[in-house]
1. Could you work out how far apart the two model spin labels at ASP66 and LYS18 are, taking each label as a point 7 Å from the Cα in the direction of the beta carbon, and quote it in nm?
2. Mind checking the dipole of the stretch 50-109: about its Cα centre, +1 per Lys or Arg Cβ, -1 per Asp or Glu Cβ, Debye to the nearest 20?
3. Between ALA52 and THR7, what is 0.36 nm times their sequence separation minus the Cα-Cα distance? Round to one decimal in nm.
4. Along the Cα-to-Cβ line of ARG96, 7 Å from the Cα, sits a label point; which residues in the stretch 53-81 have backbone N less than 16 Å from it?
Amino acid sequence: MKPKIYTVRSNARRDARKQGLDPDSVVACEGGFVIGSNKPKIKASPTDTKRAILRGMLLAGWQRADRLQSALGWQPHTIRGAISTLAKAESLTVERKREGTTTFYRAAKLVASSPAPGDASANAE
């Protein structure tokens, strides 16, 4: 079967993604672009995702916002959004402090504080 020739690279990349292929497998050919490889996409393991890296850095202690940006390649608003989403999804307590113009973040596991059964202080009004 003759491969489909695309005149626009982005269309070939889009179709490669739809087929579950690596969009970087699109190669130039005479007359346009073709999807060059049937190699399936390799998914990142859960420990290699940027979210996991962010989580590990925050749980390790105070991290400067600019260090998080350089480690993940994200803009400041993306860092703030990811920290907020991570905190909600994984029940983390995230603390923020500012020293001058530098912002620092850290996270800790949120411990649910429910009163023990039969606790008199919980029933007192």
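All of the numbers you see were taken from the coordinates with simple rules; none came from a lab. In this text, all values refer to a predicted model and were calculated from it rather than measured experimentally. Counting neighbours? That spans all protein chains shown, and the Cβs are built from the backbone with ideal geometry, glycine included.
1. Result for the modelled spin labels: 4.5 nm.
2. 80
3. Result for the pair: 12.4 nm of gain on full extension.
4. Taking a point 7 Å out along Cα→Cβ of ARG96, the residues of the stretch 53-81 whose backbone N falls under 16 Å are 58, 62-69, 75-81.
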